[in-house]
1. What pairs come up if the first residue lies in segment 82-109 and is within 15 Å of residue 141 (Cα to Cα) and in contact (Cβ under 8 Å) with a residue 40 or more places away in the chain, the second is surrounded by 12 or more Cβ atoms within 10 Å (Cβ to Cβ) and charged (D, E, K, R), and their beta carbons are under 6 Å apart, counting only those six or more places apart or on different chains?
2. Please work out which one of (1) of a type in the set (S, T, N, Q); (2) in a loop (DSSP other than H, G, I, E, B); (3) within 22 Å of residue 141 (Cβ to Cβ) is the condition residue 112 fails and give its number.
3. Just checking, how many residues over segment 122-151 are farther than 23 Å from residue 94 by Cα and either free of Cβ contacts under 8 Å to residues at least 12 places away in the same chain or part of a helix (DSSP H, G or I) (or both)?
4. Here is a check on your reading of the model: is residue 148 among the polar types (S, T, N, Q) and farther than 30 Å from residue 72 by Cβ?
5. Could you say whether any residue in segment 86-106 is out of contact with any Ser or Thr (no Cβ under 6 Å at 6 or more places or on another chain), exposed (fewer than 10 other Cβ atoms within 10 Å of the Cβ) and modelled with pLDDT of 85 or more?
6. Filter segment 126-150 down to residues that are of a type in the set (Lys, Arg) and over 24 Å from the mean Cα position of the chain (by Cα) and give me whichever is modelled with the lowest pLDDT.
Amino acid sequence: MALLAMPLVVQAEIYKAVDEDGHVTYSSEPAKGAKKLDLPPLPTTAPPTQTKPKKAKKASEGFPKVDRKTQKKRDNIRRRILEDELGTEQKLLIKARVDLSEASPEVYKDANGKIFRNVAKFEKKTKALSDLIEQHEKNIAALQTELSKLK
């Protein structure tokens, strides 16, 4: 018991020193020109009491119920929306693949008739198209997964 009460009794003295440049230093050791600070004790709080945890409600408890007909109607609407999105993504994927296959570097001629190709710009364009194709493929896979989950 004495060891537990000891931290309540122990209190360090704090000293504040200001040097000629105005820098303030706080220390627990007295220094030349330092002033002892009288600080009020820090507030303490009692530890929280342990209470029994309340029983968790079931996820479906208190959730509004929907009749079968209404749910079927909602599922049909959702299916139609997902199928429309899937069709759109498939069209965009085809277009992106065509754009990639038709891509070619820009060609320039200088005053002497020498031909130059802007390869860096071409690579940047093909990278963007490849990324777009990959994104459409991921979207299609996600939409197909969602459609397969519908009853």
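1. 82/146
2. (3)
3. Residues of segment 122-151 that are farther than 23 Å from residue 94 by Cα, as a first pass: 149-151.
Next, only the ones that are either free of Cβ contacts under 8 Å to residues at least 12 places away in the same chain or part of a helix (DSSP H, G or I) (or both) stay: 149.
Selection size over segment 122-151: 1.
4. Working: among the polar types (S, T, N, Q): yes; farther than 30 Å from residue 72 by Cβ: no.
Answer is no for this residue.
5. Yes, some residue in segment 86-106 is out of contact with any Ser or Thr (no Cβ under 6 Å at 6 or more places or on another chain), exposed (fewer than 10 other Cβ atoms within 10 Å of the Cβ) and modelled with pLDDT of 85 or more.
6. Initial filter on segment 126-150 (of a type in the set (Lys, Arg)): 127, 138, 149.
Those still in the list that are over 24 Å from the mean Cα position of the chain (by Cα) too: 127, 149.
Details: 127: 93, 149: 88.
Restricting to residues being of a type in the set (Lys, Arg) and over 24 Å from the mean Cα position of the chain (by Cα), the top hit is 149.
The values are calculated or read from the model by the stated rules, or taken from the named source; none is laboratory data. On a predicted model such as this, the values are computed, not experimentally measured, just so you know. All Cβ positions, glycine included, derive from the backbone under ideal geometry; neighbour counts span all protein chains shown.
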